[in-house]
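Below is one structure; the comments refer to it alone.
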Amino acid sequence: MSFQQDAAEALIAEARLAILAELARQRDETLNSLAITRVVDALGIRRSREWIETQMIKLEDLGAVTLHHSDLAGLGRVIVATLTDAGRDHVERRGAIAGVATPRGH
């Protein structure tokens, strides 16, 4: 793999971790793709909502979140993610999900 491919994969893994970590901070462990896009953007990973939704779909494939679609008044259709036990275990370093960066810290 080239340096560019490695860097792209690392960015994707960090974005996925950011999504899971933000879901874990929510009282109901749920957020929509618009809010998640803003969170990931604030971390310096500036990507489109479609890119973020693709990462959310991959996280569902990996068992880290469950997804459903919702209509937001005036904003259109969004994807809503809810953290699963496996996703929380990854964030809390009790488990590992391939393709998601390892949380830093204790």
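Sorted by accessible area with a 1.4 angstrom probe, largest first, how do Arg25, Arg47, Arg77, Arg16 fall?
Arg25, Arg77, Arg47, Arg16
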- Take the alpha-carbon centre of segment 79-100, take the same for segment 49-69, and report the distance between them in whole Å. 12
- Item | Nearest-10 value in Å² for the accessible area of Thr54, using the 1.4 Å probe | 80
- Write down the accessible area per residue of segment 51-101 in Å², having rolled a 1.4 Å probe over the full set of protein chains. 53
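Sort Thr82, Thr66 by heavy-atom solvent-accessible area, probe 1.4 angstrom, most to least.
Highest to lowest solvent-accessible surface, that is Thr66, Thr82.
Over the chain, what is the relative contact order in percent, taking alpha-carbon pairs closer than 8 angstrom and at least six residues apart? Provide the component values of the computation, followed by the final result.
Details: 138 pairs, mean separation 33.0, N = 106.
Reported relative contact order: 31 percent.
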- For the chain, which whole-number percentage of the solvent-accessible area (1.4 Å probe, protein heavy atoms only) is attributable to carbon and sulfur atoms? 51
- With all protein chains present, calculate the accessible area of Glu53 using a 1.4 Å probe and round the result to the nearest 10 Å². 30
- Query: So what J values fall out for segment 17-27 if you push phi through Karplus, 6.51 cos²θ - 1.76 cosθ + 1.60 with θ = phi - 60°, rounded to Hz, Gly and Pro as x?
  - Reply: 4, 4, 4, 5, 5, 5, 4, 5, 6, 7, 4
- Task: Keeping all protein chains in position, work out how much accessible area Leu43 exposes to a 1.4 Å probe, and write it in Å² to the nearest 10.
- Result: 110
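Between Arg25 and Ala7, 0.36 nm times their residue separation minus their Cα-Cα distance comes to what?
Extending this stretch completely gives an extra 3.8 nm.
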- Sequence of His68, His90 when ordered by accessible area, the most exposed leading, probe 1.4 angstrom: His68, His90
- Task: Select one label from (i) 58, 53, 18; (ii) 39, 24, 23; (iii) 42, 30, 24: the one whose number is Cα extents along the principal axes in Å as derived from the coordinates shown.
- Result: (iii)
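The values are calculated or read from the model by the stated rules, or taken from the named source; none is laboratory data. Just so it is clear, the model here is predicted, and its values are computed rather than measured. Remember, those area values only see protein heavy atoms, side chains included, never the ligands or the DNA or RNA. Shrake-Rupley method; radii C 1.70, N 1.55, O 1.52, S 1.80 Å.
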